[in-house]
Amino acid sequence: MKTGIMGGTFNPIHNGHLMLAGHVMEEFGLDEIWFMPNGNPPHKRQESIGTSTSDRLEMVRIAIGDCPKFSIQPYEAEKKTVSYSYQTMEEFRKSYPDRDFYFIIGADSLFQMETWGHPDRLLSCCTVIAAKRDSKETDQDMKKQISYLEGKYHAQILLSQSPVFEVSSSEIREMIQRNHPIEGLVPEGVADYIRENHIYGDGNDESENQQNA
């Protein structure tokens, strides 16, 4: 079984995440996608994320509820220690030997991968699918980086041609803070959950605009 892994803070999950998941599933013939919210990512302190892990998990559950091939993977969210991608993927490979894993990342992560913990171990236990995050990234630059990483680490990295979704989670949070509508940017159920639970404030507190994506 070909299983895609899409990790991230999902703060909040938005339609771009769902669009990318659907596209790479069709593009590369994946059987399923696991959405894996971070709990304690090494590059972000929990207080900088701001939103509780339980709220982020619930928003993901709401967003993927209508798609039987999408599921939530709470492994990293439930860990009390810092989650490193290589450790997670090594654990999955051991626990699910019947699956071939495809680790889905954005172009920013493709160019930062060598700053991650043990990129050699991560790249040895899964195939990476890299997708553009915005229109500034070019296929030429990404193919050059892919060639470099494949040569150095004997990796398999695939370039997705998924359409670019220009709005980020941080921009959506800022829109909420400014009382701007987010219809069409997040699933309707997620928008309702954010509003009903005041996840990002009531639109009159600018302090949360400082959070990272």
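Could you tell me which of the residues Met19, Met36 is under 13 Å from the mean Cα position of the chain (by Cα) and either surrounded by fewer than 18 Cβ atoms within 10 Å (Cβ to Cβ) or in a loop (DSSP other than H, G, I, E, B) (or both)?
Met19
Tell me which residues, restricted to the range 159-174, are within 14 Å of the chain's Cα centre (by Cα) and outside any loop (DSSP other than H, G, I, E, B).
Ser169, Ser170 - these are the residues of the range 159-174 that are within 14 Å of the chain's Cα centre (by Cα) and outside any loop (DSSP other than H, G, I, E, B).
So, restricting to strands (runs of 3 or more DSSP E) that lie completely within the range 64-158, which ones have at least 1 residues that are more than 18 Å from the chain's Cα centre (by Cα) and surrounded by fewer than 18 Cβ atoms within 10 Å (Cβ to Cβ)?
Filter on the range 64-158 gives 100-106.
Which ones in the range 89-126 are of a type in the set (Ser, Thr, Tyr), modelled with pLDDT of 95 or more and either touching a Lys or Arg at 6+ places or on another chain (Cβ under 9 Å) or closer than 22 Å to Phe165 by Cα (or both)?
Result: Tyr102, single match.
Determine which member of the set Asp108, Asp100, Asp139, Asp134 is without any contact (Cβ under 8 Å) to a residue 24 or more places away in the chain and over 23 Å from Ser52 (Cα atoms).
Asp139
If Gly189 passes every condition in (1) modelled with pLDDT under 95; (2) within 26 Å of Ala63 (Cβ to Cβ) but one, which one does it miss?
(1)
Pairs under 6 Å by beta carbon, first residue closer than 25 Å to Met19 by Cα and part of a helix (DSSP H, G or I) in the range 186-208, partner among the small types (Gly, Ala, Ser) and modelled with pLDDT of 95 or more, six or more apart or different chains?
Val190/Ala63
The values are calculated or read from the model by the stated rules, or taken from the named source; none is laboratory data. The structure displayed is predicted, hence computed values, not measured ones. Ideal geometry is used to build each Cβ from the backbone, glycine not excepted, and the neighbour counts take in all protein chains shown.
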